[in-house]
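Report on the structure given below.
Nothing in this text is a laboratory measurement; each read-out follows from the coordinates by a stated rule. For clarity, every value in this text was computed on a predicted model and none was experimentally measured. Cβ sites come from the backbone with ideal geometry, for glycine too, and all protein chains shown count toward neighbours.
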Amino acid sequence: MQDTPRGLRLHIGIYGRRNVGKSSLLNGLVGQGASIVSDTPGTTTDPVEKTLELDPVGPVVFIDTAGIDDEGALGALRRERSERALDRTDVALLVTDGAWGRDEEALAEAFAARKLPYFVVTNKADLAEGMPGSQLPATVLDALAGRGIAVVAASALLGRGLDAVRERIAMLAPEHAI
């Protein structure tokens with residue numbers, strides 16, 4: 001499977017605002033430091049791609065993107081590259097740190113317009129004391145459930161919930177990709 005050409009692999013895009021832990025999530029999922037992680041907003045400038053074998057899916061390419069809320073002229077270029085990565089994404093992860101607003105809705109709309117299967121990963125669950133599961137407000141959880149969108153809680157920092165993320169990817173992967 002390691003010889004599988006990049007174009008024949010399932011492409012899994014990781015999208016969200018700046019500093020919600022997209023790069024940390026990628027590093028946790030692949031078990032290595034594929035992306036640079038920093039508290040400085042805008043660390044990921046160009047989409048970072050990492051190829052590997054993901055059990056039980058098989059050969060995949062993860063695409064770690066810049067924050068959709070990046071600002072300024074350089075931020076506009078980063079956003080444009082992140083949006084272009086949608087064209088080669090087969091399954092999308094919409095990562096949030098518990099906040100839900102227009103940026104997350106815009107991503108959800110972009111996924112829906114492209115008929116991309118996706119789910120929400122609430123990262124940084126370790127920061128939500130006493131709140132098992134997701135830190136998203138109940139109204140948002142209800143709205144997502146009403147649209148058939150799954151939510152998976154994770155802590156990339158502590159390595160919690162990563163198996164659930166992998167399982168959800170496998171559930172959403174198109175038949176031909178497995």
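For the reader, a short list of remarks on this structure follows.
- The calculated FRET efficiency for residue 114 paired with residue 175, based on their beta-carbon distance and R0 = 25 Å, is about 0.85.
- Shape category assigned to the stretch 73-146 from the gyration tensor of Cα positions, a/c cut at 1.5: prolate
- Pairwise label distance in nanometres, residue 167 with residue 55, each label 7 Å out on the Cα-Cβ vector: 1.5 nm
- Per-residue Karplus couplings for the stretch 77-83, computed as 6.51 cos²θ - 1.76 cosθ + 1.60 with θ equal to phi - 60°, are listed in order as 5, 5, 4, 4, 5, 5, 5 Hz, Gly and Pro entered as x.
- Here each label is just a point 7 Å from Cα along the line to Cβ, and for residue 106 and residue 145 those points are 2.9 nm apart.
- Global geometry of the stretch 49-178, whether rounded, prolate or oblate, following the gyration tensor of its Cα atoms and the 1.5 cut on a/c: rounded
- If R0 is 41 Å, the Cβ-Cβ spacing of residue 71 and residue 8 corresponds to a FRET efficiency of close to 0.65.
- Förster radius 35 Å - calculated FRET efficiency between residue 138 and residue 80, Cβ distance, rounded to 0.05: 0.50
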